[in-house]
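Peer 1: This is the structure I have questions about; it appears just below.
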Amino acid sequence: MALPSPAHDLLADPWALLAAGLDAGERVFAWARRGRLRVGVGVGDAPAGDVARVICRTFDPGAPARPDSPWQGWPARGDWTPARVAVGVVGPAADAPVTPLAGRALEPEAAFCARIADAEAACAAGALAKVVAARALRLAAPPGHRFDPLATLHALAARHPDAATFLVGGAGRWFVGATPEILVRLRAGAVETHALAGTRPRPAEASAARAAEAELLASPKDRREHAAVVTAIQAALAPLCHGVVTAPTPRVRRLPDLLHLETPVRARLRPGVGLDALIDALHPTPALGGWPAASAQAWLRAHEPLDRGAYGAPIGFETPSGEGVVAVGIRSALLTPAAAWAFAGAGVVAGSSPGAEWQETAAKLGTATAALRVAPR
């Protein structure tokens, strides 16, 4: 199916443009937040709208994909310019049926917990201040069905309106998620980011939720984990910005199913510095890698039996004026028609409990897995 030429009705309906791009096997990008949806389709030579460049990286560009990895061939620096761009509203999610899906952990619980124990020991010995361990869950589409990236994106955007909901990929493989974490936002020289680390499940009952918030704010382990991220962000921005302002204490960020500690950070960009310099300086924050960064990355390469691919990596867009917003690709999954891989991570510091980290990653995996939608082949 060939893509239609740009037309007013398509430009007014980003969902139609996205559906056409998916049907044609084109490279696609979608970004939804707070009711607004941006879509880019195809590869162009010049900006066609306010998405001048799609930014899509991998977590660790220096690490080759494992032979059995679903990320084989995924570009480490997959930035591109869309040929067609549409902007509109998210709208209500379609009534796509929710199909129960069977998932299999790629790393058994006992092995993951043993790895967490090793990481905690490294932190307790002072070799690391923090390291973030990730794991994945593989899910298979039911017989006669395929995973539907369009319906999955819509379900994520409807459930998580304050998150940055994204979809990027093409040729039968798409990375989709609803991330609460913004790596950096650049607008008129103003730089905004935040530390987001420290997690609790969010109970449905109001008094239990208030108790969970108080427990999170008072947790020494979570405050240590969070403080490492704040310190790293401040250090990364110092040479690129002036007037770095950090909130004095963290607040609780409420998501539909989770609670996080959050500390906003703002600054002004120095002359001659652009969006790419900010991305390179900030990624990976200790919220996804660890601290010190080089030591944590080396530990992950030696101990993590997982190819993260674009999980935890920068994803976003740049405008023609050089402004833009880039998120951290968490609460996410990689889709093919036949299978999906959902990813989650947990920050480990001295005193971390392996069992608690397994449960935390299970709660985080639920963001993506609960939104997965399938359609008949």
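The values are calculated or read from the model by the stated rules, or taken from the named source; none is laboratory data. Please read these numbers as outputs of a predicted model, since none were measured by experiment. Don't worry about glycine lacking a Cβ; one is built from the backbone with ideal geometry, like all the others, and counts go over all protein chains shown.
Peer 1: Looking only at the range 195-207, decide whether some residue is at positive phi and out of contact with any helix residue (DSSP H, G or I) (no Cβ under 8 Å at 6 or more places or on another chain). Before you say what the answer is, go through the steps one by one.
Peer 2: Here is the first cut: in the range 195-207, the residues at positive phi are 198.
Okay, now just the ones that are also out of contact with any helix residue (DSSP H, G or I) (no Cβ under 8 Å at 6 or more places or on another chain), so none.
No - not one qualifying residue is present in the range 195-207.
Peer 1: Which numbered condition trips up CYS123, out of (1) of a type outside the set (Phe, Trp, Tyr); (2) within 18 Å of the chain's Cα centre (by Cα); (3) crowded, with 16+ Cβ neighbours inside 10 Å?
Peer 2: Going through (1) of a type outside the set (Phe, Trp, Tyr); (2) within 18 Å of the chain's Cα centre (by Cα); (3) crowded, with 16+ Cβ neighbours inside 10 Å one by one, CYS123 breaks only (2).
Peer 1: Which residues, taken from the range 198-214, are free of Cβ contacts under 8 Å to residues at least 24 places away in the same chain, surrounded by 12 or more Cβ atoms within 10 Å (Cβ to Cβ) and not in a helix (DSSP H, G or I)?
Peer 2: Of everything in the range 198-214, just one residue is free of Cβ contacts under 8 Å to residues at least 24 places away in the same chain, surrounded by 12 or more Cβ atoms within 10 Å (Cβ to Cβ) and not in a helix (DSSP H, G or I), namely PRO203.
Peer 1: Right, another one. Residues to consider are LEU237, LEU278, LEU259, LEU269; find the one that is touching a Lys or Arg at 6+ places or on another chain (Cβ under 9 Å), crowded, with 20+ Cβ neighbours inside 10 Å, of a type in the set (A, V, I, L, M) and in contact (Cβ under 8 Å) with a residue 40 or more places away in the chain. Before you say what the answer is, go through the steps one by one.
Peer 2: Details: LEU237 fails: touching a Lys or Arg at 6+ places or on another chain (Cβ under 9 Å); LEU278 fails: touching a Lys or Arg at 6+ places or on another chain (Cβ under 9 Å); LEU269 fails: touching a Lys or Arg at 6+ places or on another chain (Cβ under 9 Å).
Step by step, each of LEU237, LEU278, LEU259, LEU269 is checked, and only LEU259 is touching a Lys or Arg at 6+ places or on another chain (Cβ under 9 Å), crowded, with 20+ Cβ neighbours inside 10 Å, of a type in the set (A, V, I, L, M) and in contact (Cβ under 8 Å) with a residue 40 or more places away in the chain.
Peer 1: Would you pick out the residues in the range 245-273 that are farther than 19 Å from GLY345 by Cβ and among the aliphatic types (A, V, I, L, M)?
Peer 2: Listed by number, the residues that qualify are VAL245, ALA247, VAL252, VAL265, ALA267, LEU269, VAL273.
Peer 1: Please pick out the residue among VAL230, VAL265 that is under 23 Å from GLU360 (Cα atoms) and of a type in the set (Val, Ile, Thr). Even if it seems obvious, please write down each step before you answer.
Peer 2: Details: VAL265 fails: under 23 Å from GLU360 (Cα atoms).
VAL230 is the lone residue from the list that is under 23 Å from GLU360 (Cα atoms) and of a type in the set (Val, Ile, Thr).
Peer 1: Any chance the range 223-236 includes a residue that's in a helix (DSSP H, G or I), closer than 19 Å to ARG187 by Cβ and touching a strand residue (DSSP E or B) at 6+ places or on another chain (Cβ under 8 Å)?
Peer 2: Going residue by residue through the range 223-236, those that are in a helix (DSSP H, G or I) are 223-236.
Right, trim to closer than 19 Å to ARG187 by Cβ and you get 233, 236.
Still in the list and also touching a strand residue (DSSP E or B) at 6+ places or on another chain (Cβ under 8 Å): 233.
Yes, that holds for at least one residue.
Peer 1: Look through LEU259, LEU217, LEU306, LEU300 and report the one residue that is in a helix (DSSP H, G or I), under 19 Å from the mean Cα position of the chain (by Cα) and of a type outside the set (Gly, Ala, Ser). Let's see the steps before the verdict.
Peer 2: On the way: LEU259 fails: in a helix (DSSP H, G or I); LEU217 fails: under 19 Å from the mean Cα position of the chain (by Cα); LEU306 fails: in a helix (DSSP H, G or I).
Matching residue, one of LEU259, LEU217, LEU306, LEU300: LEU300.
Peer 1: State which residue is nearest to GLU215 (Cα to Cα) when the search covers only the range 241-256 and only residues that are over 21 Å from the mean Cα position of the chain (by Cα), surrounded by 14 or more Cβ atoms within 10 Å (Cβ to Cβ) and aliphatic (A, V, I, L, M).
Peer 2: ALA247
Peer 1: Shifting gears a bit: Out of everything in the range 74-119 that is β-branched (Val, Ile, Thr) and crowded, with 19+ Cβ neighbours inside 10 Å, what residue ends up being modelled with the lowest pLDDT? Spell out how you get there, then give the answer.
Peer 2: Start the filter on the range 74-119 by keeping residues that are β-branched (Val, Ile, Thr), which leaves 81, 85, 87, 89-90, 98-99, 116.
Imposing the further condition that a residue be crowded, with 19+ Cβ neighbours inside 10 Å reduces the set to 85, 90, 116.
Details: VAL85: 95, VAL90: 90, ILE116: 98.
If we take residues in the range 74-119 being β-branched (Val, Ile, Thr) and crowded, with 19+ Cβ neighbours inside 10 Å, then VAL90 is modelled with the lowest pLDDT.
Peer 1: Restricting the search to the range 324-372, which residues are assigned to a strand (DSSP E or B) and polar (S, T, N, Q)?
Peer 2: Just the residues of the range 324-372 that are assigned to a strand (DSSP E or B), to begin with: 324-328, 332-335, 339-348.
Hit for the range 324-372 is SER332, nothing else.
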